[in-house]
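One structure below.
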Ligand SMILES: Nc1nc2c(ncn2[C@@H]2O[C@H](COP(=O)(O)OP(=O)(O)O)[C@@H](O)[C@H]2O)c(=O)[nH]1
Ligand SMILES: [Mg+2]
């Protein structure tokens with residue numbers, strides 16, 4: 001999963017990026033767009049460790065989150081502007097981690113002259129809406145033009161496309177991001193190609209002072225419609241970036257002494273999974289024990305496709321045992337004897353902690 005850090009200049013994006021990636025995974029360059037830095041972080045799953053003690057696999061594999069940070073280009077400006085190049089990059093992300101400054105430090109320039117996380121959050125969300133409006137306006141013009149030049153047989157399809165585009169455009173103009181709009185499946189399919197930014201989930205990261213109380217979305221005086229569906233975390237990126245440089249013991253001692261809560265890295269991952277509705281299923285074997293992230297309730301056939309596209313086509317059935325049952329039984333053979341290994345078909349909605357063996361014909 002690709003999570004792009006966005007926000008006003010000097011809000012602490014790069015500091016948070018360092019906190020989330022240093023010591024937790026290798027930073028890599030050459031991400032999407034020339035000026036992004038990418039940091040890859042594993043999503044730890046303690047269940048995989050327990051299963052590894054049962055299966056002694058050669059390796060344990062975890063899902064990964066890739067964080068993207070701008071490498072400098074946006075720092076010159078005084079606002080968060082989405083130009084064509086930035087939009088192209090952002091379109092490729094799965095979700096946004098929106099950093100809003102809540103720390104006071106007067107020696108750090110604020111583009112708007114004062115600290116006000118609610119105002120900044122609104123500005124950045126507004127910029128995403130504007131970027132989508134531009135795309136939609138151009139699409140409507142293009143389609144109206146195309147419609148005039150079209151042959152009668154093409155018209156019903158073009159008309160459906162135009163109607164869906166106008167509906168979404170009017171929604172965005174009325175202040176409703178695409179992720180909050182209600183569309184039919186066919187409407188959603190018709191606008192998917194625009195890769196609209198407001199369709200993507202947003203997790204707000206309030207970057208506060210270490211001694212301050214956490215900032216909360218609901219305290220900012222924003223309208224309920226504005227904050228609907230947003231995930232939120234409250235962190236102190238500066239402290240977290242320092243802690244990320246330490247070894248585990250030293251870090252834990254510091255956290256205890258300073259009375260710090262959950263580390264930013266696990267807070268962000270947990271909130272991200274909650275906001276996106278993601279869960280993990282597991283696969284086991286001598287070769288590897290592995291956790292896979294999917295949207296909760298994804299049909300088994302599509303879950304199989306996350307492993308390999310051939311698994312989609314060749315799907316026969318899924319042998320499923322819940323993690324807790326597998327641990328209790330000590331193995332799948334015993335699970336079978338106790339009748340807790342189920343045989344499920346293509347449409348079975350996969351649950352968190354399902355241990356699955358896909359039977360495929362490839
Ligand atoms: N006091 C304080 N300063 C911070 C914090 N996070 C970032 N800064 C400072 O704010 C400035 C801008 O941070 P940076 O991460 O480069 O912001 P970016 O422009 O959004 O990437 C730097 O001087 C940071 O040291 C924080 O949590 N507390
Ligand atoms: Mg930066």
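The set of residues from the range 91-147 being within 16 Å of ligand 2 (Cβ to nearest atom) and farther than 26 Å from residue 231 by Cβ comprises just one member, 109. The conditions of being in the same structural domain as residue 352 (by TED's automatic domain parsing), over 29 Å from residue 53 (Cβ atoms), touching a strand residue (DSSP E or B) at 6+ places or on another chain (Cβ under 8 Å) and crowded, with 18+ Cβ neighbours inside 10 Å are met by residue 315.
Restricting to the range 328-358, name every residue that is over 30 Å from the mean Cα position of the chain (by Cα) and either touching a residue at least 24 places away in the same chain (Cβ under 8 Å) or assigned to a loop (DSSP other than H, G, I, E, B) (or both). Once the filter is applied, which keeps residues that are over 30 Å from the mean Cα position of the chain (by Cα) and either touching a residue at least 24 places away in the same chain (Cβ under 8 Å) or assigned to a loop (DSSP other than H, G, I, E, B) (or both), the range 328-358 yields 330, 331, 332, 338, 339, 340, 341, 343.
Scanning the range 201-219 for residues that are more than 16 Å from residue 104 (Cβ to Cβ) and either within 16 Å of ligand 2 (Cβ to nearest atom) or more than 22 Å from the chain's Cα centre (by Cα) (or both) yields 205, 219. Only residues that are within 18 Å of residue 251 (Cβ to Cβ) and assigned to a loop (DSSP other than H, G, I, E, B) were counted across the range 2-24, and they come to 3.
For every residue, the table says whether it meets (1) in the same structural domain as residue 218 (by TED's automatic domain parsing); (2) touching a strand residue (DSSP E or B) at 6+ places or on another chain (Cβ under 6 Å); (3) at pLDDT below 95; (4) crowded, with 16+ Cβ neighbours inside 10 Å.
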{"site": "117", "(1), (2), (3), (4)": "no, yes, no, yes"}
{"site": "147", "(1), (2), (3), (4)": "no, no, yes, no"}
{"site": "152", "(1), (2), (3), (4)": "no, no, yes, no"}
{"site": "166", "(1), (2), (3), (4)": "no, no, no, no"}
{"site": "170", "(1), (2), (3), (4)": "no, no, no, no"}
{"site": "178", "(1), (2), (3), (4)": "no, no, no, yes"}
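Residues that are closer than 15 Å to residue 187 by Cα and surrounded by 13 or more Cβ atoms within 10 Å (Cβ to Cβ): does the range 124-138 have at least one? Within the range 124-138, one or more residues are closer than 15 Å to residue 187 by Cα and surrounded by 13 or more Cβ atoms within 10 Å (Cβ to Cβ). The lone criterion from (1) in a loop (DSSP other than H, G, I, E, B); (2) exposed (fewer than 14 other Cβ atoms within 10 Å of the Cβ) left unmet by residue 257 is number (1).
Kindly evaluate residue 195 against the criterion of being on the phi > 0 side of the Ramachandran plot, within 21 Å of the chain's Cα centre (by Cα) and not in a strand (DSSP E or B). For residue 195, the condition - on the phi > 0 side of the Ramachandran plot, within 21 Å of the chain's Cα centre (by Cα) and not in a strand (DSSP E or B) - is met.
Each residue in the range 11-35 was checked for being touching a strand residue (DSSP E or B) at 6+ places or on another chain (Cβ under 7 Å) and either at pLDDT 95 or above or within 12 Å of ligand 1 (Cβ to nearest atom) (or both), and 7 pass.
Count, please, the residues in the range 286-310 that happen to be touching a strand residue (DSSP E or B) at 6+ places or on another chain (Cβ under 9 Å) and within 19 Å of residue 61 (Cα to Cα). The qualifying residues number 15.
The values are calculated or read from the model by the stated rules, or taken from the named source; none is laboratory data. Nothing here was measured: the structure is a model prediction, and the numbers come from that model. Please note: Cβ atoms are built from the backbone with ideal geometry, for glycine as well, and neighbour counts cover all protein chains shown.
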